[in-house]
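Throughout, read-outs are computed from the coordinates displayed, never taken from laboratory work. Computed from a prediction, not measured in an experiment: that's the story for all the values here. Glycine gets a Cβ as well: all are built from the backbone with ideal geometry, and neighbour counts include every protein chain shown.
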């Protein structure tokens, strides 16, 4: 939750009037690099949304980077109530393994979904396959970052991670307020 990308992203959203909350999943709190069972992450999402609802009467948007976004989508598919989902680099499949889709639950989500994706992200290649998956969703759209990788870095355009994260905030603000 303290990664410069996420700090820059949330700081930029705060600057335009959004309240944000960052949290770690249990595996990160335990100092592990690899995620634990999905059930641990979806319980964490439910607890985070419950806390956010205690703190604010406003809309709650679940936004996550890669694994965090996928786990939010699974929690929502299991019944977690949020006003929408925003994915910062949804990991559709492991890199180089497009046959191992992580999307069977996405069409069941009724809340609006915004997928912010880099055109060079190996987790969504081939792009046509990713677009077909998103087309099966009830209310979803994609915002492509031209040349962006999984963390939205663009070759030949060196920028700090906090700046990259902050650059995505306008897309999120526009989508969440539409």
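Step by step: find N for region 119-159, compute 2.2 N^0.38 Å, then divide the Cα radius of gyration by it. What's the final number? Could the numbers behind the result be given before it?
Values: Rg = 11.6 Å, N = 41, 2.2 N^0.38 = 9.0 Å.
Computed over Cα atoms of region 119-159, the ratio equals 1.29.
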Checklist entry - Rounded to the nearest 5, what % of the DSSP beta bridges within region 4-176 are antiparallel ones? => result 10 percent
Checklist entry - Taking the Cα-to-Cβ direction at residue 47 and at residue 21 and moving 7 Å from each Cα, how far apart do the two end points lie in nm? => result 1.2 nm
Checklist outcome for this item: Short to long, in 10 Å steps from zero, the percent of alpha-carbon pairs of the chain per bin is 10, 39, 40, 11, 0
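Tell me, 32, 102 in order of fewest to most beta-carbon neighbours within 10 Å? Can you show the working numbers first?
Values: 32 11, 102 17.
Lowest to highest Cβ neighbour count: 32, 102.
Please report the antiparallel percentage of the DSSP beta bridges confined to region 77-178, to the nearest 5. If you can, show how the numbers build up before the last one.
Working: 2 of 12 bridges.
The answer is about 15 percent antiparallel.
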Next on the checklist: Counting other beta carbons within 10 Å of each residue's own, what order do 71, 34, 55 fall into, fewest first?
Outcome noted: 34, 55, 71
Checklist outcome for this item: Dividing the mean separation of Cα pairs under 8 Å (6+ apart) by the residue count of the chain yields a relative contact order in percent of 23 percent
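For residue 105 and residue 157, what does the FRET efficiency come to when R0 = 35 Å and r is the distance between their Cβ atoms, rounded to the nearest 0.05? Display every interim value, and only then the final one.
On the way: r = 34 Å, r/R0 = 0.98.
E(calc), rounded to 0.05, equals 0.55.
Once you have a ≥ b ≥ c as the square roots of the Cα gyration tensor eigenvalues for region 87-178, tell me rounded if a/c is under 1.5, and otherwise prolate or oblate according to whether a/b is larger than b/c. Numbers along the way, then the final one.
Numbers: a/c = 2.43, a/b = 1.20, b/c = 2.03.
Oblate shape, in that a/c is at least 1.5 and b/c is the bigger or equal ratio.
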Checklist entry - Could you give the length gained on full extension between residue 14 and residue 33, defined as 0.36 nm per residue of separation minus the Cα-Cα distance, in nm? => result 4.0 nm
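For 153, 29, 117, what ranking results if the residue with the fewest other Cβ atoms within 10 Å of its Cβ goes first? Show your work: numbers first, answer last.
On the way: 153 17, 29 11, 117 25.
Placing the least packed residue first, the sequence is 29, 153, 117.
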